[in-house]
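Peer 1: Have a look at this one.
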Amino acid sequence: MSKRNYVRASVRTPVANRGFLHGLREIGEYMGLSVSTVRRYVIEYRLPVTRRKDSRWMTTKTLLDQWVVVMAEQTYETEKANRDRKLASGKGK
């Protein structure tokens with residue numbers, strides 16, 4: 001396949017198949033969240049999204065999946081540290 005045909009083929013590929021999510025509604029649908037919850041996660045939990053020049057939000061599925069894993073690990077470590085602290089102080093019995 002020549003370079004010219006490769007470029008044309010990639011242009012015809014729908015954006016959704018490339019792993020990009022455009023707009024808070026589409027991001028929320030992918031994550032199973034409402035638009036308002038996505039907005040809150042952007043502010044409170046630094047959900048990895050960017051704002052385009054046309055004011056639409058954009059991210060990739062890979063970034064969101066990685067973010068979910070990191071947040072789960074942080075939550076687990078925090079809860080474990082809290083349990084250990086309670087047990088050490090004798091209040092966890």
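The values are calculated or read from the model by the stated rules, or taken from the named source; none is laboratory data. These figures come from a predicted structure and were not determined experimentally. Here the Cβ positions follow ideal geometry from the backbone for every residue, glycine too, while neighbour counts run over all protein chains shown. Side chains are part of the model used for accessible areas, which takes the heavy atoms of the whole protein and leaves out ligands, DNA and RNA. Shrake-Rupley method; radii C 1.70, N 1.55, O 1.52, S 1.80 Å.
Peer 1: From the residues in the range 33-57 that are of a type in the set (Phe, Trp, Tyr) and under 20 Å from Glu73 (Cβ atoms), which one is modelled with the highest pLDDT?
Peer 2: Tyr41
Peer 1: I would also like to ask the following. Scanning the range 32-55 for residues that are assigned to a helix (DSSP H, G or I) and of a type in the set (Val, Ile, Thr), which turns out nearest to Val70 (Cα to Cα)?
Peer 2: Here the answer is Val42.
Peer 1: Considering Glu79, Glu29, which residue is of a type in the set (Asp, Glu), within 14 Å of the chain's Cα centre (by Cα) and in a helix (DSSP H, G or I)?
Peer 2: None of the others qualify; the one that does is Glu29.
Yes/no per residue for (1) surrounded by fewer than 17 Cβ atoms within 10 Å (Cβ to Cβ); (2) touching a Phe, Trp or Tyr at 6+ places or on another chain (Cβ under 8 Å):
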site	(1), (2)
Gly23	yes, yes
Ile27	no, yes
Ser34	yes, no
Val49	no, yes
Asp54	yes, no
Thr59	no, yes
Met71	yes, yes
Gln74	yes, no
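Peer 1: Which one of Arg83, Arg40 is over 30 Å from Arg18 (Cα atoms) and open to solvent by 70 Å² or more (accessible area, probe 1.4 Å)?
Peer 2: Every option except Arg83 fails the conditions.
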